[in-house]
Structure formats: C-alpha cells, structure tokens
Amino acid sequence: MFNSFSSSDACKLLANGAQLVDVRSSNEFAQGALPNAINLPLQSIMNAADKIIDRNKAVILYCVTGIRSSTAKNYLIQMGYKNVNDLGSFRNYNCE
C-alpha cells in the first residue's frame, strides 16, 4: 500500500507543533520510541484518545509496519479528528 505522507511531511508538521503518536504496545514503546512521541496503544485509542490527543493539533501516527497506524488513523477520523496523518513504520522517520 502506497503511503503519500512522507518523513519530510512529518518533519514539517512536527516543527509546527504536531503530535507524534506511537500506537505500538506499551512494552514496544518502552524498548525505544521516536523523540517526543507519546504512546497510545491501538487497543486503547477509542477510550483514551480524547484524554491524550489535542484535537486542535495535527497528529502523526506510527507503529512498526504501518498496519496499526493505518487502523488508528481510521479510528481517529471516525471520532472526528481532522488532521490525522499516518507515517506508517517508525523506520520512515528521519528529521535530521
């Protein structure tokens, strides 16, 4: 599946205050995550998103392969979030 949202897109949004959200499990997150990412495991997203994610900011989601982040994006859009972006795999991230 082609993802048109790139690392450079993510870097631009992050520079403007976007939220980077890791939808992997808390165990995976504890083993290492991208700088400034917040952990919101996919299985918790429907219950906890409104407590953790600011609806007024852009959101960038990621996981290991892009499957969970894609699902999370669909959930957030269904919940009414407007600016939701899927980076896919954390390996796609490179803001140097």
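Looking at Asn56, Asn39, Asn27, Asn47 in this structure, which one is farther than 20 Å from Ser4 by Cβ and either among the hydroxyl-bearing types (Ser, Thr, Tyr) or touching a strand residue (DSSP E or B) at 6+ places or on another chain (Cβ under 8 Å) (or both)?
Numbers: Asn56 fails: either among the hydroxyl-bearing types (Ser, Thr, Tyr) or touching a strand residue (DSSP E or B) at 6+ places or on another chain (Cβ under 8 Å) (or both); Asn27 fails: either among the hydroxyl-bearing types (Ser, Thr, Tyr) or touching a strand residue (DSSP E or B) at 6+ places or on another chain (Cβ under 8 Å) (or both); Asn47 fails: either among the hydroxyl-bearing types (Ser, Thr, Tyr) or touching a strand residue (DSSP E or B) at 6+ places or on another chain (Cβ under 8 Å) (or both).
Just a single option satisfies the conditions, and that option is Asn39.
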By my count, helices (runs of 4 or more DSSP H) wholly in the chain with at least 1 residues that are surrounded by 17 or more Cβ atoms within 10 Å (Cβ to Cβ) and of a type in the set (Ser, Thr, Tyr) are 67-78
Ser26: passes all of (1) in contact (Cβ under 8 Å) with a residue 40 or more places away in the chain; (2) more than 14 Å from Ser89 (Cβ to Cβ); (3) in contact with a Pro (Cβ under 9 Å, 6 or more places away or on another chain) but (1)
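Read-outs: derived from the displayed coordinates by stated rules, not from any lab. Just so it is clear, the structure is predicted and the values come from calculations on it, not from any experiment. Virtual Cβ from ideal backbone geometry, glycine too; neighbours counted across all protein chains shown.
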